[in-house]
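Sending over a structure as structure tokens; questions will come in a sec.
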Amino acid sequence: MKRLLAAVSVGRDASALFPDVVKNVSFQSPELKKLIYIYLVQYAENNRELALLSINSFQKDLSDRSQQLRASALRAMASIKVLEVIQLVMAAVQTAVGDSSPYVRKTAAQCMIKVYGVDADQFLELRKLLLKLMNDVEVQVVGSAVMAFRQICIVLPKDAEEKQGAEGTESSWNAQQLELLHPLFRRLVQDMLLMDFWAQQCCIDLLMRYCRLFFASPDKTSGEEGEDQSASEDFLAFLKNLKLLLFSASKGVTLAAAVALCYLAPTEEISCVAMPLMRCLRQATPEASITLLSAVAPLVEARPELFRAMIREFFIQSFDPPEMKRLKLKVIEMLVDDTNVQMVLRELQVYVSWHSQPDFVALAVRSIAQVALKMTSVADACLRGLVKMLDSKCEALSCEAVVSLRALLQRRQSSKESGLGSVLPHLVTYLEDLSAPTARASVVWMIGHYQQEVARLAPDVLRRLAKGFAAERQEVKQQIVVLGLKVWAFHFFNARGEVAVKEAVPTKEAGSKDAAPLKVSPDESAQLLPRLEAIVEHISTLASFDASWDVRDTARALKSIKESAKAAVDSGGKSPLEQMGLWYCRACISGAPPLDAAGVDASEQADDPLLKAAIDSTWMIGSLAQALDFPLESYRPLPPWAEENSSDELRKVKEMSAEKAREAAPKSISSSTVGNVSHMEQRVQLPSNINNMPVVQSLEDLDLFYSEAPAPAVSMPSASRQAPGATLEQMRLGPGMNPTAAPTLGTAVFGEDDESDEAEDDDDDDWKYCQQAVPSQAPKPSPAQPAPPSGAPPSTAATAFVPPPRVEQVPDPAPPAPAEATEAMEATEATEAS
């Protein structure tokens with residue numbers, strides 16, 4: 001089994017051995033059963049029929065003494081996703097919920113998700129059991145119950161919602177489920193700090209949804225009435241624990257706490273999430289850094305001022321993965337402002353020099369263009385830098401510089417110092433050296449769109465492009481066809497003197513150096529017009545026979561527009577097609593920015609989502625939908641804020657009565673009786689069977705207690721009853737014995753106790769030896785012999801001790817009668833005294 005599980009752990013398919021493994025379930029070895037259950041949990045779902053054969057063994061192991069075997073058997077039963085045995089699994093789960101082991105109760109909470117996946121009709125019963133487990137004394141059980149409750153009641157409630165007839169909206173269904181957590185809210189807020197990492201993330205998400213449904217927005221309350229008057233103490237306690245979880249060792253918990261604070265905390269308290277998130281980014285592995293940064297990017301976009309001081313942390317290393325480089329460039333674009341724009345541009349210039357990474361160089365050039373568009377103070381410097389990049393030997397750099405120039409010039413067209421007159425001649429010069437189709441198409445588009453600035457160069461550029469039209473790529477051919485129509489339209493209307501002055505001379509202002517008359521007169525346009533007609537006709541003829549249908553359709557459409565415009569000028573534009581052709585040709589020479597369907601500048605609107613999507617994100621920050629940019633079935637959006645705070649009285653825990661508390665109290669804390677709850681309870685509740693405990697005051701009482709014979713009726717003197725009982729040392733080994741004590745009766749105690757199995761014959765001999773030595777240590781004074789004076793030395797005969805000879809023990813000696821023992825004792829004392 002170890003070898004089999006090792007093969008499974010490395011990804012090998014071991015499902016073919018499922019029948020052989022199932023046969024070994026009946027073995028009694030605990031170690032083997034644990035391995036078998038691990039295998040069964042892995043493959044039981046795909047082998048349901050064979051797994052049903054061992055369900056009796058599962059039920060038998062549910063009452064095993066080992067908590068691990070009970071939990072493994074329950075997990076294996078829940079893995080058999082068969083509707084016919086769901087009642088047996090449900091009964092096992094209900095039994096496991098009341099188990100004495102926290103590990104089994106935790107496993108029961110985890111198995112409820114599998115039960116709900118098989119039979120959604122068990123929703124109410126499962127929810128009841130989960131609420132019971134969420135009130136458990138063990139934090140690990142509470143954590144598993146929270147995860148199961150979130151999965152069953154929030155993430156996958158569709159079937160139950162339909163059966164219960166919810167009022168349609170998902171928010172109302174969530175409110176119905178989360179209001180059951182009113183008495184558990186404070187407990188969950190406290191235990192949240194002690195749960196494991198996975199349970200902490202689920203608990204944060206669950207309580208965040210609870211707060212949105214039952215508390216008002218703190219920004220709204222503080223703005224209207226003041227935070228001290230309307231903020232709930234329970235809500236503030238949750239925010240306090242979220243701030244503590246920012247310093248968790250788990251990066252997932254830190255991110256979940258930061259996201260919850262961004263959604264719940266007041267605006268002035270969100271600044272505390274910046275440093276913990278940066279700590280996680282520094283400590284994360286390259287794979288984890290990509291996921292973490294993709295989740296942090298919306299937070300940076302929402303509150304860039306929190307991360308602007310740490311912009312150096314987002315600078316790119318050469319060994320960063322490509323996706324990490326892209327995300328960091330995006331974050332740098334968000335954090336740039338007047339205080340750090342020069343530092344950012346220097347850093348981007350370094351990235352541009354990494355010619356060994358052409359894809360990243362292209363991204364760096366785009367970032368320079370975005371910085372220039374965002375910060376107008378450095379737009380001219382960026383424009384000059386992009387023009388210099390056209391001379392680069394790196395093809396990716398020069399091509400991307402052209403595309404960035406197009407975007408920058410398109411934004412700066414309406415400016416007085418747009419720089420179009422100086423940039424476009426450079427682009428015409430570099431057109432022959434550009435080989436990338438995107439770069440060549442961009443240059444052709446810019447020449448056609450801004451031909452007023454290069455009115456004399458545009459016809460020559462069209463002539464050179466017409467020579468090599470057949471060898472160009474598809475996107476370049478489409479732009480050449482459009483350029484031919486624009487150049488022809490400009491000179492056609494200029495020869496007739498119908499070019500609009502405002503559109504043709506946008507910079508005609510007093511004192512402006514760029515304010516100059518048109519460089520091409522109407523007479524010159526009239527002379528160029530026949531040659532332009534021939535060039536455009538040649539290009540249209542070549543394009544109409546091109547292999548690409550896009551090029552063919554574009555050429556035919558533009559040729560029809562051209563003919564319609566000429567007819568409209570001659571006849572006055574009576575037909576709609578002629579009016580449309582005339583409008584299109586005039587629009588081609590105006591150089592106006594492109595408009596969308598609503599008449600809004602498309603070039604300015606393109607950047608609005610990047611600037612405005614920061615606060616209102618489409619998907620929930622940190623969710624899988626935010627990483628994938630599309631939601632899965634398990635995605636649940638964050639509910640809106642409540643209108644007002646709910647009462648704190650709802651979250652007060654009701655005190656249990658004394659009787660219920662005794663019933664709920666654990667019966668035993670011993671681990672040796674796990675699985676035998678009934679025997680545990682009986683043993684603890686019932687008292688001992690010994691109800692007549694004797695009071696031992698002398699050795700005679702102790703002898704009578706251990707002797708099997710009935711105790712003789714001996715009348716004790718009244719003085720001995722009233723005198724305090726002597727101790728064992730005083731009666732046996734002490735120098736002064738109590739003269740009023742009754743003589744010893746019976747034999748020695750040691751060796752006669754049936755409960756002791758370690759007594760030996762040598763112990764009996766030693767005790768008899770001591771018993772014989774006791775009278776010689778404290779002899780009775782004889783009345784006939786006077787006491788020696790106090791100053792006289794002690795008598796040697798009286799104090800010397802002569803041990804008696806060792807007497808072998810006779811088996812089972814008959815105890816002497818009390819009268820005979822007394823006479824023998826007196827005779828011995830008289831002999832020693834004489």
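The values are calculated or read from the model by the stated rules, or taken from the named source; none is laboratory data. Just so you know, these numbers come straight off a predicted model, no measurement behind them. Using ideal geometry, Cβ is built from the backbone for each residue, glycine included, and neighbour counts are taken over all protein chains shown. We work out accessible area using only protein heavy atoms, side chains counted, and drop any ligands, DNA or RNA first. Shrake-Rupley method; radii C 1.70, N 1.55, O 1.52, S 1.80 Å.
With every protein chain left in place and a probe of 1.4 Å, what is the accessible surface of R150, to the nearest 10 Å²?
Solvent-accessible area, nearest 10 Å²: 60 Å².
Is the shape of region 12-107 best called rounded, prolate or oblate, per the rule: a/c under 1.5 gives rounded, else a/b larger than b/c gives prolate, else oblate, with a ≥ b ≥ c the square roots of the Cα gyration tensor eigenvalues?
oblate
Could you calculate the FRET efficiency of L624 with H426 from 1/(1 + (r/R0)^6), where r is the beta carbon distance between them and R0 is 45 Å, rounded to 0.05?
Efficiency, rounded to the nearest 0.05: 0.40.
Right, something else. May I ask you to evaluate 6.51 cos²θ - 1.76 cosθ + 1.60, the Karplus curve with θ = phi - 60°, for each residue of region 134-147 and list the ³J(HN,Hα) values in order in whole Hz, giving x for glycine and proline?
5, 9, 6, 7, 8, 5, 5, 5, 4, x, 5, 5, 5, 5
Determine the distance separating the Cα centre of region 30-80 from the Cα centre of region 338-405; give it in Å without decimals.
63
Sticking with this one: If you stretched the chain out fully between K34 and K243, how much longer would it get, using 0.36 nm times the residue separation minus the C-alpha to C-alpha distance?
Full extension from K34 to K243 adds 71.2 nm.
Now for a separate question. Find how much the distance from W198 to A470 grows on full extension, using 0.36 nm per residue of separation minus their present alpha carbon separation; answer in nm with one decimal.
Gain on extension, W198 to A470, equals 91.7 nm.
Continuing with the same structure: Could you list the chymotrypsin sites (Phe, Trp or Tyr not before Pro) in region 259-338 that lie in coil according to DSSP, counting only those with at most 16 other Cβ atoms within 10 Å of their Cβ?
Within region 259-338, the qualifying chymotrypsin sites (Phe, Trp or Tyr not before Pro) (loop, at most 16 other Cβ atoms within 10 Å) are F315, F319.
Show the residues, 5+ positions off or on another chain, whose built amide H is closer than 5 Å to the amide H of A216.
It is N645, S646, by chain and number.
Grab the beta carbon distance between L650 and L83, set R0 = 25 Å, and tell me the FRET efficiency rounded to 0.05.
Given R0 = 25 Å and the Cβ-Cβ separation, E is 0.05.
On full extension of the chain, what length is gained from D13 through D219, given 0.36 nm per residue of separation minus the C-alpha to C-alpha distance?
So the extension gain works out to 68.6 nm.
Arranged from highest to lowest average of other beta-carbon atoms within 10 Å per residue, in what order do the peptides 384-390, 566-572 appear?
Highest-to-lowest ranking by the protection proxy: 384-390, 566-572.
Please sort 273-283, 252-262, 7-17 by packing, taking for each peptide the average over its residues of neighbouring beta carbons within 10 angstrom, highest first.
Going from most to least packed, we get 252-262, 273-283, 7-17.
Ranked highest first by the average count of other Cβ atoms within 10 Å around their residues, in what order do 289-302, 112-125 fall?
The peptides rank, most packed first, as 289-302, 112-125.
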